[in-house]
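In what follows, a structure is listed as C-alpha cells, so that the remarks can point back to it.
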Amino acid sequence: MSSKSGSNPGVATLPLQKNKKARNLSWIMRRPGPCERAGCTKIVPGGRVSRATKHRYCSLECRKRGHDNRLVKCGFCGKNVFIAPWKLKEVNFCSQEHHRAYRREMLLAPTGSYRRVIEEYLIASKDWYAKGTLKTVQAAVTGFLAYAFQEEGMTSFEQIGPQVVSRFIRREVERGIKNRNYIGYLNIFFGWLRGEERMVRVNPIVAHYHTQKINPRAPRPYSDSDIESISKVLEASGNIALMLAFFIGLECGPRVGEVGNIRLADVDQANESIHIRLPTKNGCERDVHYHDGVKKYLALWLKTRSPKFAKDNLLHGERLGVFDTSSLDAKFKSVLKSHPGPASVFSFHRLRHTWATRLVNNGMELPALQELGGWKSLSSLQQYVKVLDSTIQRQYEASYRKLQDQDQLQVEETL
C-alpha cells in the first residue's frame, strides 16, 4: 500500500482501478482524528472508509447531530429533534404520528364545545368511508362547526338553522371555494345527530337549496394510442409494480385506492380474478377478472416482490412502504410527468373510464357492468362510459337492416 500526497493530508489511498465505476466506489485508508460534531472530544479510530465519506463522526448520535443538521423542537410535543436543512419546514415534528396528531388538533381546536361530539362521530363513521374520504369528511364537519362556534357564536346544535348554512356557503364562495361537496357530508352528519337523538330540530341542510347542481363530467377514456404511449414509458422505467398496477386499472377497472389495498390472498391465479375488498366507495366487495397484461406482470412481480416486505399487500414501494391513494398517484406522476403527450398528465382514474368504455362498446349491458365495477347507480356509471362513433354506426346499420327486413316481410305478407 503506497501513500500519496494530495489535498487531504494524512490519508493513504488504495491503488485506483482503471474502470471509472470501480474508481468511484473505491476505498481509502483514513488516519484517526477527532469527531467533527461540535462539543464532542472523542477520537474516531482510523480505518478503511468509502471515498465518498465526507465527515468523521464517532457514533450514529453524533452523525444525527452533525454540523449540517439543525436542532429544532417538535411542533406537537416540544421534544428536541435534529433535522437536515433541506427538510426544515415552518413546523417540524419528531415522528409522523405527532405530525398527524398536530394536524388533527389544528382542525378540532377551533370547534370549541362541539369537539367531543365531532370526535365521537369520526369514530362512528370510520367504517362508512374510505380512508382518504374520511379526511375530507373531517375537514368538512370541523370547518363548518368552527365557523358556527367562532363566527356565529353558537354553542348548541339546536341553534344551527338553514340560514347559518347559507351564510357559511357564502363565506366559502368569497374564499374562492366553489365546490359544495361538503354539504353532502354535513347532511349525513346532521342525520346522524338526529338518529342518535342529540338534536331535536330538523336537519338544517335544505335539499335543492343548499346543494349545488353540477353538470356531469363527460367520460374521459384513453384512446388505444394513448394507452400504448403510456405503457411504453412505464415499461422503459423498469418499475414492474407500476406496470402491474397500470394493467390492473386497465383490465379490471378498480379505483387507485382499491389497487393499493389488494392483498396476495385476493389474487386467484387459477380463475384469473382479483377480489376487491373493503373499504370501497359504495361499501361493497366484488370480484373482477384480469387478462394478458395483468397475467404477464403479475408473474414478473411475484418473482421480484421483496421477501422483507412485512405486510400481505400485493404491491409495495421501493422502500417497502404500502401504497395508498396519494402515494401510488405520486409514484405514477414522478415517473410520467417528464414525458410528453398523455403521459405528462396521466390520471389513474381515467383507466376506469377506459375499462368501462371498452366493455360497453363491445356489448356488455349496463346493469352487468354496474355490478362488476361497483357503481351505486346507473346514472353514476354513465359518467364513465363514452359511446364511440364506430359503435353508433355499427348498431345503427344493424338496426336499419332489421327494419328493412321487417318492412319487406310485411309487404310479402300483404301480397
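The values are calculated or read from the model by the stated rules, or taken from the named source; none is laboratory data. What you see is a predicted model; the values in this text were computed from it and never measured. Neighbour counts are summed over all protein chains in view; Cβ atoms, including those assigned to glycine, are modelled from backbone coordinates with ideal geometry.
Can you pull out every residue in region 254-278 that is without any contact (Cβ under 8 Å) to a residue 24 or more places away in the chain and either surrounded by 14 or more Cβ atoms within 10 Å (Cβ to Cβ) or part of a helix (DSSP H, G or I) (or both)?
Selection gives 258, 272, 273, 275, 277.
For region 348-397, enumerate the residues that are small (Gly, Ala, Ser) and modelled with pLDDT of 95 or more.
Matches in region 348-397: 356 only.
If residue 208 satisfies all but one of (1) within 28 Å of residue 382 (Cα to Cα); (2) without any contact (Cβ under 8 Å) to a residue 24 or more places away in the chain; (3) part of a helix (DSSP H, G or I), what's the number of the condition it fails?
Residue 208 satisfies all of (1) within 28 Å of residue 382 (Cα to Cα); (2) without any contact (Cβ under 8 Å) to a residue 24 or more places away in the chain; (3) part of a helix (DSSP H, G or I) except (3).
For region 317-349, enumerate the residues that are in contact with a strand residue (DSSP E or B) (Cβ under 6 Å, 6 or more places away or on another chain) and on the phi > 0 side of the Ramachandran plot.
Here is the first cut: in region 317-349, the residues in contact with a strand residue (DSSP E or B) (Cβ under 6 Å, 6 or more places away or on another chain) are 322.
Residues satisfying the conditions do not exist here.
When residue 303 is evaluated against the numbered criteria (1) loosely packed, with under 12 Cβ neighbours inside 10 Å; (2) in a loop (DSSP other than H, G, I, E, B), which criterion, by number, is the only one it fails?
Checking residue 303 against (1) loosely packed, with under 12 Cβ neighbours inside 10 Å; (2) in a loop (DSSP other than H, G, I, E, B), the one that fails is (2).
With the checklist (1) surrounded by fewer than 13 Cβ atoms within 10 Å (Cβ to Cβ); (2) part of a helix (DSSP H, G or I) in hand, flag the one item residue 78 doesn't pass.
Answer for residue 78: the failing condition is (2).
In region 315-360, which residues are assigned to a helix (DSSP H, G or I) and surrounded by fewer than 17 Cβ atoms within 10 Å (Cβ to Cβ)? Please lay out each step first, then the result.
Within region 315-360, the subset assigned to a helix (DSSP H, G or I) is 325-336, 341-345, 349-360.
The answer is 326, 327, 330, 333, 334, 341, 344, 345, 349.
Could you count how many residues in region 186-228 are modelled with pLDDT under 90 and under 28 Å from the mean Cα position of the chain (by Cα)?
Selection size over region 186-228: 8.
Inspect region 246-253 for any residue being of a type in the set (D, E, K, R), crowded, with 18+ Cβ neighbours inside 10 Å, assigned by TED's automatic domain parsing to the domain that holds residue 340 and not in a helix (DSSP H, G or I) and give the result as yes or no. Spell out the reasoning first.
Filtering region 246-253 down to residues of a type in the set (D, E, K, R) leaves 251.
The next check asks that each one be crowded, with 18+ Cβ neighbours inside 10 Å; those that pass are 251.
Now drop any that are not assigned by TED's automatic domain parsing to the domain that holds residue 340, which leaves 251.
From the residues that got through so far, the ones that are not in a helix (DSSP H, G or I) too are none.
Within region 246-253, not a single residue is of a type in the set (D, E, K, R), crowded, with 18+ Cβ neighbours inside 10 Å, assigned by TED's automatic domain parsing to the domain that holds residue 340 and not in a helix (DSSP H, G or I).
On the basis of being without any contact (Cβ under 8 Å) to a residue 12 or more places away in the chain and in contact with a Ser or Thr (Cβ under 7 Å, 6 or more places away or on another chain), does residue 303 make the cut? Please lay out each step first, then the result.
Numbers: without any contact (Cβ under 8 Å) to a residue 12 or more places away in the chain: yes; in contact with a Ser or Thr (Cβ under 7 Å, 6 or more places away or on another chain): no.
When the stated conditions are applied, residue 303 does not pass them.
Out of the residues in region 98-135 that are touching a Gly at 6+ places or on another chain (Cβ under 7 Å) and within 27 Å of residue 277 (Cβ to Cβ), state the one that is surrounded by the most Cβ atoms within 10 Å (Cβ to Cβ).
130
Can you list residue pairs whose Cβ atoms sit under 6 Å apart, with the first residue in region 154-171 being within 17 Å of residue 211 (Cβ to Cβ) and the second being of a type outside the set (A, V, I, L, M, F, W, C) and part of a helix (DSSP H, G or I)? Count only pairs 6 or more apart in sequence or on different chains.
168/147
Here's the yes/no breakdown for (1) aromatic (Phe, Trp, Tyr); (2) assigned to a helix (DSSP H, G or I):
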{"residue": "364", "(1), (2)": "no, no"}
{"residue": "371", "(1), (2)": "no, yes"}
{"residue": "375", "(1), (2)": "yes, no"}
{"residue": "392", "(1), (2)": "no, yes"}
{"residue": "395", "(1), (2)": "no, yes"}
{"residue": "403", "(1), (2)": "no, yes"}
{"residue": "411", "(1), (2)": "no, yes"}
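From 7, 26, 50, grab the single residue that is more than 30 Å from residue 82 (Cα to Cα) and modelled with pLDDT of 50 or more.
26
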